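Here is the structure we will look at.
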Amino acid sequence: MMSRRALPLVDTHFHVFDTGVAASSARYRPSYAAGLQDWHAAIGNLGEQGELGDLRDLYGVVVQASFLGTDNTALLAALRTMPGRLRGVAVVDPTVTDPQLSALQAAGVRGIRLNLYGDPGWQRIATAPWRALFRRIAALGWHVELHTHNGDGGMVLARLDAALADAGVPVVLDHFGRPGTAGISDPVFDAAREVRARRQVWVKISAPYRLAAPQHWPMLAQRWREIVGDDRLLWGSDWPWTNHEAPVRLDECRELAAWQGLPGERESPGAAWSAALRWRNAAALYGFAVAA
């Protein structure tokens, strides 16, 4: 008999890749493979310990790894393996053709990723070719996922919002929006508050080890709840934690997925909040047909 605490789970941020495969310009080349079965085995077992309860019906969002560039081959192969359970976020540039975008859409891609971490040419997103790409993305109903260096999120988000103009494209911020040493006073929070007046802003509660002060992630998460609301937060594992691989990562994933807010900040959200963070919000954004 199924446990009454059995819940679906949507991992909105993980990667797949083969050993040693990377774009010619990549700063990083993996020495190991990250396969779909490995992800399923690791994340599907998060409920064995802690407060998550029994997990069932694991869903996921494959996010194109930065070192693969615009070669979305591994991502597409993964999506075709589990079409009902997976969605994708691809990396493309303005040269992508409409038939290529259609093929990505048919495979389950629902957004594009702008990984501008350490990218000195990031302001290209304001140029005419990129603005034209964003209009094409809007026509597909996709979102733009943004990844920046710690502390750069506010500046880049404002520029991206201007480039998106009146296209109703949602923006998803990777890894707590990557605030810098200013913590909850980082400009990314004020920028997001302004941007959400014009478009949806979603935030991934994921990868605290990539933050300037990893131990402060609960305060950052609470701040995002105040800015974007409970229905715009997403949980992601960031598996296989490239450049941060360690057994403790699974414990961190479990802790983030089970987070119930800071004590005393607001009344304990209980089951509704748990469902929102673990699967309901992700189902709405990525179009999963999740059975509660």
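The values are calculated or read from the model by the stated rules, or taken from the named source; none is laboratory data. All of these numbers come straight from a predicted model, not from anything done at the bench. Note that we place each Cβ from the backbone using ideal geometry, even for glycine, and neighbour counts take in every protein chain shown.
Residues considered: P129, P94, P83, P99. Of these, the only one that is in a loop (DSSP other than H, G, I, E, B), at pLDDT 95 or above and farther than 30 Å from A182 by Cβ is P94. In the set (1) assigned to a helix (DSSP H, G or I); (2) surrounded by 22 or more Cβ atoms within 10 Å (Cβ to Cβ); (3) aliphatic (A, V, I, L, M), the condition left unmet by I137 is number (2).
What do you reckon, is G153 touching a Ser or Thr at 6+ places or on another chain (Cβ under 9 Å), modelled with pLDDT of 95 or more and under 22 Å from V91 (Cβ atoms)?
No: the conditions fail for G153.
Mind checking whether some residue in the range 261-270 is under 25 Å from F14 (Cβ atoms), charged (D, E, K, R) and either touching a residue at least 24 places away in the same chain (Cβ under 8 Å) or surrounded by fewer than 21 Cβ atoms within 10 Å (Cβ to Cβ) (or both)? Checking the range 261-270: not a single residue is under 25 Å from F14 (Cβ atoms), charged (D, E, K, R) and either touching a residue at least 24 places away in the same chain (Cβ under 8 Å) or surrounded by fewer than 21 Cβ atoms within 10 Å (Cβ to Cβ) (or both).
Every condition in (1) assigned to a loop (DSSP other than H, G, I, E, B); (2) within 25 Å of V61 (Cα to Cα); (3) of a type in the set (D, E, K, R) is met by D161 except one, and the failing one is (1). For beta carbons closer than 9 Å, sequence separation of 6+ or different chains, a first residue in the range 271-290 that is of a type outside the set (A, V, I, L, M, F, W, C) and a second that is in a helix (DSSP H, G or I) and buried (at least 21 other Cβ atoms within 10 Å of the Cβ), the qualifying pairs are S274/A257; R278/A257; N281/R232.
From the list G236, G177, G168, which one is out of contact with any helix residue (DSSP H, G or I) (no Cβ under 6 Å at 6 or more places or on another chain) and surrounded by 14 or more Cβ atoms within 10 Å (Cβ to Cβ)? Please lay out each step first, then the result.
On the way: G177 fails: out of contact with any helix residue (DSSP H, G or I) (no Cβ under 6 Å at 6 or more places or on another chain); G168 fails: surrounded by 14 or more Cβ atoms within 10 Å (Cβ to Cβ).
None of the other options fit; the residue is G236.
Taking the range 104-126, which residues are over 26 Å from M155 (Cβ atoms) and either in a loop (DSSP other than H, G, I, E, B) or free of Cβ contacts under 8 Å to residues at least 24 places away in the same chain (or both)? A106, G108 - these are the residues of the range 104-126 that are over 26 Å from M155 (Cβ atoms) and either in a loop (DSSP other than H, G, I, E, B) or free of Cβ contacts under 8 Å to residues at least 24 places away in the same chain (or both).
When T181 is evaluated against the numbered criteria (1) hydroxyl-bearing (S, T, Y); (2) more than 18 Å from the chain's Cα centre (by Cα); (3) in a helix (DSSP H, G or I), which criterion, by number, is the only one it fails? Just one mismatch for T181, condition (3). If I ask for residues that are among the small types (G, A, S), closer than 25 Å to N115 by Cα and modelled with pLDDT under 85, which ones from the range 12-64 would you list? Within the range 12-64, G20, A22, A23, S24, S25, A26 meet the criteria. When the range 185-199 is filtered for residues that are without any contact (Cβ under 8 Å) to a residue 12 or more places away in the chain and over 16 Å from A212 (Cα atoms), only A197 remains. When the range 190-241 is filtered for residues that are under 19 Å from M155 (Cα atoms), part of a loop (DSSP other than H, G, I, E, B) and among the charged types (D, E, K, R), the ones remaining, listed by number, are R196, R198, R199. For the range 125-179, the set of residues classified as acidic (D, E) and closer than 26 Å to L220 by Cα consists of E145, D152, D161, D174, listed by residue number.
One line per residue, one yes/no per condition, for (1) among the acidic types (D, E); (2) under 19 Å from S206 (Cα atoms):
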{"residue": "G35", "(1), (2)": "no, no"}
{"residue": "T73", "(1), (2)": "no, no"}
{"residue": "R80", "(1), (2)": "no, no"}
{"residue": "V91", "(1), (2)": "no, no"}
{"residue": "D98", "(1), (2)": "yes, no"}
{"residue": "A107", "(1), (2)": "no, no"}
{"residue": "R135", "(1), (2)": "no, no"}
{"residue": "L140", "(1), (2)": "no, no"}
{"residue": "E145", "(1), (2)": "yes, yes"}
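Looking at the range 211-232, is at least one residue under 13 Å from L256 (Cα atoms), modelled with pLDDT of 95 or more and touching a Phe, Trp or Tyr at 6+ places or on another chain (Cβ under 6 Å)? Break it down into steps so the answer makes sense when it comes.
In the first step, residues of the range 211-232 are kept if they are under 13 Å from L256 (Cα atoms); the result is 214-222.
Subset that is modelled with pLDDT of 95 or more: 214-222.
Cutting the leftovers down to touching a Phe, Trp or Tyr at 6+ places or on another chain (Cβ under 6 Å) gives us 220.
Among the residues of the range 211-232, at least one is under 13 Å from L256 (Cα atoms), modelled with pLDDT of 95 or more and touching a Phe, Trp or Tyr at 6+ places or on another chain (Cβ under 6 Å), which makes the answer yes.
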